[in-house]
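Visitor: Just passing along the structure, written as structure tokens.
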Amino acid sequence: MKHTYFAISALLAFCLMSILNSCELQQQQPWHLAARKEGDTVQLCLSHESECPPSDGLSPSSISVYRYDNVHDNALVWDTSPESEITNDRFDGVFTYGIPPKNWRNQLAPPALVCGKAYLVNPGALFFAQKCDGTVVVFDFQHLEEFFRQDALPVPNKKPGGN
């Protein structure tokens, strides 16, 4: 009888662990970030799919952006969340830095983007940056130091006339 209880207990523990692991796997889907220059700001797209915008939209609890002035110094510069936590409204995953998606509100209004700084977007823990030449790049934590090293390199002087 003891062996039967032990076997049932072990089976139940195994089933519970399997359920918890499958929930954990579903919550840990990788994030993808796309970014492009849009006037004086940057348009972003978050997705769990390789394509942006995602086919079924998103409903994160909030979006926060941290500005990295270097590899070590960062500050929260923008935070936005749905107007109603109860409705959990989905949006298409596309939004412009500083402008909350429809039915969202700013918790913290952002300053203008600064070229040469890196901006960490959560959820996703991915960076975008507007380089001082106007291009926009997306990268991960592994490439943060590289971004600042490249950005620190002097820009070659261009003579008038393209010489």
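Visitor: Quick one: dipole size for the stretch 83-142, taken about the Cα centre, charges +1 on Lys/Arg Cβ and -1 on Asp/Glu Cβ, in debye to the nearest 20.
Guide: 140 debye
Visitor: Amide H to amide H under 5 Å from Thr96: which residues, 5+ apart in sequence or cross-chain, H placed 1.01 Å off N in plane?
Guide: Close amide H contacts, sequence-distant or interchain: Leu44.
Visitor: Among all the aspartates and glutamates, which ones have a C-alpha under 19 Å from Lys102's C-alpha, if same-chain residues fewer than 8 places away are not counted?
Guide: Glu38, Asp56, Asp79, Glu83, Glu85, Asp89, Asp92
Read the figures in this text as sums done on the coordinates, not as results from a lab. Predicted model only: the values in this text are computed from it and were never measured. Using ideal geometry, Cβ is built from the backbone for each residue, glycine included, and neighbour counts are taken over all protein chains shown.
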